[in-house]
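Trainee: Pasting a structure here, questions to come.
No lab work stands behind these numbers, since they all come straight from the coordinates. Computed from a predicted model, the values in this text were never measured in an experiment. Using ideal geometry, Cβ is built from the backbone for each residue, glycine included, and neighbour counts are taken over all protein chains shown.
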Amino acid sequence: MHCAEQIVKSGHLGDFLKAMVTHKESSAILIRIAYILGNLTTNFEEARSFLCDEPETFKIIFELASFYLEKDRVNHEEPHKAGSAAGGKVNKYEEFNTGNLEDALTKVIKLLANLSTEETVALVEFHKADTKQLLITFLKQLFSAVDRRTVENNEEFILNAISCTTNILYYDTAQKPILESDLRAIIFHSSKQFLLAT
């Protein structure tokens, strides 16, 4: 824990987030950074608070998640294009194959789930017009991805997706709604089989 505490107190967690954007095409770098931030924000309130204080943190993570969810959609609909580079060989540590794409998604979603527990920040962010639109797009893509999977083969991804969504739905109240009823219905229909199974 001492090493993790030192990373949190270093004041450089925002640089980790920026590095995720800079290296979003590199599976090796992205997965490792997302893993570090996911663990730190699971175990340290200070880490969650620090990242939430960074400008546009939620927008950045929603955009990253949507980027990988789109790759995931293409991977399932056009598997012959998965991992192919436009005009050259792709380094094995950079390409996103089916396995490490899901790994990247799972870790980014876990990070978003953790940060969504910071109530004062998330409440404001999720109701901002631009962030709200990114959130809605993310949820539509996420549950399309959930529908392509089974709990037998993709348990970690599905559990993180439902955990993240549950944290977000906490802010979707009758007094201050975030989602339209049709999106709520999609989420419920997609997740009920997994919730009933647990």
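Trainee: Tally up the residues in region 147-181 that are free of Cβ contacts under 8 Å to residues at least 60 places away in the same chain, charged (D, E, K, R) and touching a helix residue (DSSP H, G or I) at 6+ places or on another chain (Cβ under 7 Å), please.
Mentor: Narrowing region 147-181 to residues free of Cβ contacts under 8 Å to residues at least 60 places away in the same chain: 147, 149-181.
Then keep just the ones that are charged (D, E, K, R); that gives 147, 149, 152, 155-156, 172, 176, 180.
With touching a helix residue (DSSP H, G or I) at 6+ places or on another chain (Cβ under 7 Å) added as a condition, the list becomes 147, 149, 156.
Here the count works out to 3.
Trainee: On to the next question. Name the residue that is nearest to the chain's Cα centre (by Cα), counting only residues in region 9-22 that are surrounded by 20 or more Cβ atoms within 10 Å (Cβ to Cβ) and over 21 Å from residue 141 (Cα atoms). If you could, list the steps in order and put the result at the bottom.
Mentor: From region 9-22, those surrounded by 20 or more Cβ atoms within 10 Å (Cβ to Cβ) are 13, 17, 20; that's our starting set.
Narrowing further to those that are over 21 Å from residue 141 (Cα atoms): 13, 17.
Details: 13: 17, 17: 13 Å.
Only one residue tops the list, namely 17.
Trainee: Looking only at region 121-130, which residues are under 16 Å from residue 177 (Cα atoms) and part of a helix (DSSP H, G or I)? If you could, list the steps in order and put the result at the bottom.
Mentor: Taking region 121-130 and keeping what is under 16 Å from residue 177 (Cα atoms), we get 122-130.
Hits for region 121-130 are 122, 123, 124, 125, 129, 130.
Trainee: Next up: Out of the residues in region 168-177 that are within 18 Å of the chain's Cα centre (by Cα) and of a type outside the set (Ser, Thr, Tyr), which is nearest to residue 124 (Cα to Cα)?
Mentor: 168
Trainee: Taking only region 1-54 into account, find how many residues are in contact with a Gly (Cβ under 8 Å, 6 or more places away or on another chain) and among the aromatic types (Phe, Trp, Tyr).
Mentor: 1
Trainee: Quick one: count up the residues across region 152-167 that are buried (at least 16 other Cβ atoms within 10 Å of the Cβ) and more than 15 Å from the chain's Cα centre (by Cα).
Mentor: The qualifying residues number 1.
Trainee: Under the condition of being of a type in the set (Val, Ile, Thr) and farther than 12 Å from residue 112 by Cα, which residue from region 23-82 is surrounded by the fewest Cβ atoms within 10 Å (Cβ to Cβ)?
Mentor: Here the residue is 74.
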